[in-house]
1. Taking the Cβ-Cβ separation of THR238 and GLU44 as r and a Förster radius of 35 Å, what is the calculated FRET efficiency to the nearest 0.05?
2. Under the rule of at least 5 residues apart or a separate chain, name every residue whose amide H is placed under 5 Å from the amide H of HIS184.
3. 7 Å from Cα along Cα→Cβ at both ARG34 and GLU176: what's the point-to-point distance in nm?
4. In the stretch 237-313, if the dipole is taken from +1 on Lys/Arg beta carbons and -1 on Asp/Glu beta carbons about the Cα centre, which of MET308, SER294, LEU266 is farthest to the positive end?
5. Rank these for me by crowding, THR437, THR407, THR393, going from fewest to most other beta carbons within 10 Å.
6. By counting other Cβ atoms within 10 Å of each Cβ, how are GLU322, GLU44 ranked from fewest to most?
7. First check a/c for the stretch 341-397, with a ≥ b ≥ c the square roots of the eigenvalues of its C-alpha gyration tensor; if it is under 1.5, answer rounded, and if not, answer prolate when a/b is larger than b/c or oblate otherwise.
8. Contour minus end-to-end for GLN141 and THR393, with contour as 0.36 nm per residue of separation and end-to-end as the Cα-Cα distance?
Amino acid sequence: MLPEASSLWLLRLLRDIQLAQFYRPILEELNVTRPEHFDFVRPEDLDGIGMGRPAQRRLAEALKKHRSGLKSKNWVYKILGGFAPEQKETTPPSDSHLSLPEREGGLKCLIPDGAVRRGELLGSGCFGVVHRGLWTLPSGQSVPVAVKSLRVGPEGPVGTELGDFLREVSIMMNLEHPHVLRLHGLVLGQPLQMVMELAPLGSLHARLTAPAPTPPLPVALLCLFLRQLAGAMAYLGTRGLVHRDLATRNLLLASPRTIKVADFGLVRPLRGARGRYVMGGPRPIPYAWCAPESLREGAFSSASDVWMFGVTLWEMFSGGEEPWAGVPPYLILQRLEQDRARLPRPPLCSRALYALALRCWAPHPADRPSFSYLEGLLQEAWPPEGRCVRDVTEAGALRMQTGDPVTIIEGSPDSATWKGQNGRTFKVGSFPASAVTLADAGVSPATRPVHRVSPAQGERHQGSVDGDGGKAKMRDVPSARAQRRNVPLQRMKALLSPASPPGSGLPGPRENPPTVIPWECLELAKPPSPPETSCPTPSCRGGLRRWSWACTESRTRSARQH
Ligand code: ATP
């Protein structure tokens, strides 16, 4: 068979180094048609086509020479090179003699087109559709995956969509964290496809809003998810990245107790001494999740991600409700800044956790806790676990049987009635405090009752956006001995925070829930309403007001569809 004109360079290069027999496998199995495609080829891929390591070294050398004059013209190289985070960690190659170009920003894996079979449609986003898939490894093993394919119009992919797609690839290929969705590799086919770890249980938002008989998620599990999220976000911060689209719709359930941060389409590297990314053009942003500075100036930072973390927390505890539903996007900034309004405390959310959310919503970015600090605050605000010591059948009380696990949402030593979630029925309600004892501490870190402290009071040092090392003050700490003795919950010291979060301008949660301007009062005289951005993709149906333009930007055109 005659070689295609466009891949003659490959045949020549291989002939020069006496490896012409690999021309077809490289072309057809690895899908390499241009020199820059070798950026995505791993030694394992070449092993897979039977090329030995000495031959691979010859190939790498030849490629280096071939590419020395071409680098600046490579489109993939340009795009990925331009977008790849500067802090990329380079792992030493397993074979120290190997010098394929993967360390120049190479992908985790180039996957041959035929190795991935696409199945059912999982959803669609801005620039692609996501299918369930099966990836057959060279060993013959099959791995369930999710495949995101670049949406291609009749005239091929639009430049910005291709750029966004590759940007997402370039960001994801450098990330490795237990709670960040993993990119397996890229298929350089038509269309381009991202092969990702499959999250078989779908998005957290879908789980939160699943109708009965699906039971609500236990409060303790939501707290676990928050801790996983804070850990993943702290990791992204250390990589110098801002996510900008943190929301329960972008948290995927890899297992019933594991979430993964996904959707890196809006991720950007942080720049400058202030560690910010400022939007340079008209782009829609998820308004109701955004920090005031993002709405005002298009400015994003780790601190604006922390704000979004607070909104995500709110979503989790309100069963996936839409934040600021009913408030037009153009009024949200006014509510946040002029009225100092904040989302109200959801019934499932303890006051300690709500105080933590309020810290995330501090008006000034520098006053918000960092993600690494949040991990500690979450531990301190963890709802204690108890166990029911008698059947509770009183009218109006949460029904419980002896031995039922109970997560305490609200309680104080002065009150005879407590609020909690029955871990067997998942129902939430009030019950006599005397009916519950604290569970033994220390079995599982996720359920261990920990030092109770006000997140509002706990953090004193907030100067830096990231990496602050302030220590929380401990107050009213139940002794470990007391916990071991299963002391009735009533006798424990106060669990709750009386303080108001500095900078929030809101009263503390001791007596009353923080004052939030009721939404019905928010409907002031409306300015003429600009048309909202609509997204044509099925995944966004019903979420019309999720996305809107940053107020500083014109509405002339959108690079993305929403
Ligand atoms: P955007 O338009 O900002 O990209 P999106 O999150 O809706 O938003 P995608 O990331 O393309 O778009 O995902 C589309 C849908 O596919 C989502 O609803 C998500 O639940 C599902 N999905 C995406 N990745 C996976 C995955 N790895 N495993 C399972 N489902 C996934």
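No value in this document is a laboratory result; all are computed from the given coordinates. Predicted model, so just to flag it, every value in this text is computed and none were measured. Cβ sites come from the backbone with ideal geometry, for glycine too, and all protein chains shown count toward neighbours.
1. Approximately 0.80, to the nearest 0.05.
2. VAL195, MET196, GLU197
3. 2.8
4. LEU266
5. Details: THR437 20, THR407 26, THR393 9.
Taking fewest neighbouring Cβ atoms as first place, the list is THR393, THR437, THR407.
6. Details: GLU322 17, GLU44 12.
Going from sparsest to densest Cβ surroundings: GLU44, GLU322.
7. On the way: a/c = 6.88, a/b = 2.02, b/c = 3.40.
Cα axes put the stretch 341-397 in the oblate bin.
8. Length difference between fully extended and current span is 85.3 nm.
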